[in-house]
Amino acid sequence: MSASRSKVLVVGMDGLRFDRLLALDAPVLAGLMSTGAYGTSKLPYGEAGTPRTESPGEVVPKTPEPGDGGRVIRSRTDSGPGWSSIATGVWPDKHGVVDNGFESPQFQKFPDFLSRATTARPGLTASAFFSWAALAEHGTFGPAIDHRFVLDGYAVGWAAADKQVAEAAERHLAEEDPDATFVYLGDTDEVAHDLGPHCPEYAAALQAQDAYLGRLLDAVRARPSYPGERWTVLVTTDHGHVDEGGHGGTSDEERTVFVIAGRLGEDLGGRPLAAPRLVDVGPTALAALGVPVDPAWDLDGTPLDL
């Protein structure tokens with residue numbers, strides 16, 4: 001299979017605790033895990049003794065905490081740092097986003113993996129779909145991306161915004177020919193902030209997002225060109241939540257994140273991945289597209305062994 005026919009779909013589900021994912025009914029994600037590869041790791045940052053973020057985009061001051069490989073990474077376990085790490089393949093001390101304020105981003109030095117792909121191989125096309133507008137407004141996913149669909153979950157309502165984002169992405173995957181696509185869904189985080197991750201509403205939000213993922217995968221499989229394509233699918237989250245809802249600190253519940261990887265039409269055996277990190281998502285997507293990581297990029301992540 002030539003690299004030109006390799007394609008990638010990355011789906012982000014904000015504030016999704018992996019232990020709750022395992023405990024709740026999410027058949028599409030469960031199926032992807034059973035035929036794919038998956039694992040968890042702990043974010044190398046968080047802030048002890050500071051107030052927790054109580055709403056998705058809230059900006060709370062930061063203080064230092066854990067590091068990665070001897071580095072001290074000063075960042076809250078919030079959405080801004082998490083999605084910026086996923087997008088860029090580097091940790092907050094490099095990409096500059098340490099909370100939800102996006103005060104000093106370094107996205108020109110460390111662009112997102114979609115932009116890197118289209119820059120490295122100009123023939124590739126990339127698409128991004130968000131219900132959290134900050135990811136577009138602050139340049140986490142940059143202007144080099146060919147197709148962008150952006151909604152404001154605060155204005156539209158998170159459940160409604162996710163639904164529209166998923167429908168737009170489904171149409172795009174069915175009717176267009178993107179090589180790399182990122183889709184962000186945020187209602188799990190919103191519900192967890194309001195009610196915690198153990199309530200029926202959180203289960204319902206997860207089940208809705210799981211169903212959206214299923215529709216995206218069905219759209220891919222129904223593409224007329226699908227038999228000649230090799231699709232890598234990555235699903236991840238940016239942070240967890242404490243039981244009462246909220247994040248920003250250093251608890252295992254806040255710092256534990258996951259990556260689920262699959263290749264449509266292939267069976268990877270449901271095998272474990274050894275501590276996959278958020279910064280590995282972008283390099284894995286690039287590798288699947290046949291774009292090698294340039295050491296000059298100074299990335300913290302490496303491609304996962306799929």
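Worth pointing out:
- The residue that is farthest from residue 270 (Cα to Cα), among those in region 1-29 that are open to solvent by 50 Å² or more (accessible area, probe 1.4 Å) and hydrophobic (A, V, I, L, M, F, W, C), is 1.
- When region 136-161 is limited to residues that are open to solvent by less than 60 Å² (accessible area, probe 1.4 Å) and farther than 22 Å from residue 78 by Cβ, the one that is modelled with the lowest pLDDT turns out to be 144.
- Options 256, 236: the member that is open to solvent by 10 Å² or more (accessible area, probe 1.4 Å), within 16 Å of residue 38 (Cβ to Cβ) and either in contact with an Asp or Glu (Cβ under 8 Å, 6 or more places away or on another chain) or modelled with pLDDT of 95 or more (or both): 256
- Lone qualifier among 217, 234, 206, 213 - being part of a strand (DSSP E or B) and of a type outside the set (Asp, Glu): 234
- In the set (1) under 23 Å from residue 183 (Cβ atoms); (2) open to solvent by less than 10 Å² (accessible area, probe 1.4 Å); (3) among the β-branched types (Val, Ile, Thr), residue 125 fails one condition alone, (2).
- Verdict on residue 116 being of a type in the set (Lys, Arg), in contact with a Leu (Cβ under 8 Å, 6 or more places away or on another chain) and more than 24 Å from residue 239 (Cβ to Cβ): no
- Flag if residue 144 is of a type outside the set (Phe, Trp, Tyr), farther than 25 Å from residue 32 by Cα, more than 15 Å from the chain's Cα centre (by Cα) and not in a helix (DSSP H, G or I): yes
- Residue in region 200-217 that is among the charged types (D, E, K, R), buried (at least 19 other Cβ atoms within 10 Å of the Cβ) and under 17 Å from the mean Cα position of the chain (by Cα) present: yes
- Among the conditions (1) surrounded by 20 or more Cβ atoms within 10 Å (Cβ to Cβ); (2) closer than 15 Å to residue 84 by Cα, residue 133 misses just one, which is (1).
- All conditions in (1) open to solvent by less than 40 Å² (accessible area, probe 1.4 Å); (2) part of a helix (DSSP H, G or I); (3) out of contact with any strand residue (DSSP E or B) (no Cβ under 7 Å at 6 or more places or on another chain) hold for residue 300, with the sole exception of (2).
- Of the residues making up region 14-32, just one is under 17 Å from residue 262 (Cα atoms) and assigned to a loop (DSSP other than H, G, I, E, B), namely 26.
- Pairs where the first residue, in region 177-195, is touching a residue at least 12 places away in the same chain (Cβ under 8 Å) and the second is among the β-branched types (Val, Ile, Thr), C-beta under 6 Å, 6+ apart: 178/125; 179/125; 180/8; 182/10; 183/11
- Residue among 81, 92, 105 that alone is farther than 20 Å from residue 257 by Cβ and not polar (S, T, N, Q): 105
- Test for residue 293: is it part of a loop (DSSP other than H, G, I, E, B) and surrounded by 15 or more Cβ atoms within 10 Å (Cβ to Cβ): yes
- Within region 98-117, considering residues that are of a type in the set (S, T, N, Q) and open to solvent by 20 Å² or more (accessible area, probe 1.4 Å), the one modelled with the lowest pLDDT: 104
- Failed item in (1) within 14 Å of residue 15 (Cα to Cα); (2) open to solvent by 50 Å² or more (accessible area, probe 1.4 Å); (3) among the hydrophobic types (A, V, I, L, M, F, W, C), with residue 222 passing the rest: (1)
- Any hit, region 263-278, residues being at negative phi, of a type in the set (Gly, Ala, Ser) and buried (at least 22 other Cβ atoms within 10 Å of the Cβ): no
To keep it simple, each residue is scored yes or no on (1) modelled with pLDDT under 95; (2) assigned to a helix (DSSP H, G or I).
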{"residue": "9", "(1), (2)": "no, no"}
{"residue": "12", "(1), (2)": "no, no"}
{"residue": "34", "(1), (2)": "no, yes"}
{"residue": "41", "(1), (2)": "no, no"}
{"residue": "64", "(1), (2)": "yes, no"}
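The values are calculated or read from the model by the stated rules, or taken from the named source; none is laboratory data. Just so you know, these numbers come straight off a predicted model, no measurement behind them. For neighbour counting, all protein chains shown are included, and Cβ atoms are generated from backbone atoms with ideal geometry for every residue, glycine included. Side chains included, ligands, DNA and RNA excluded: accessible areas come from the protein's heavy atoms. Shrake-Rupley method; radii C 1.70, N 1.55, O 1.52, S 1.80 Å.
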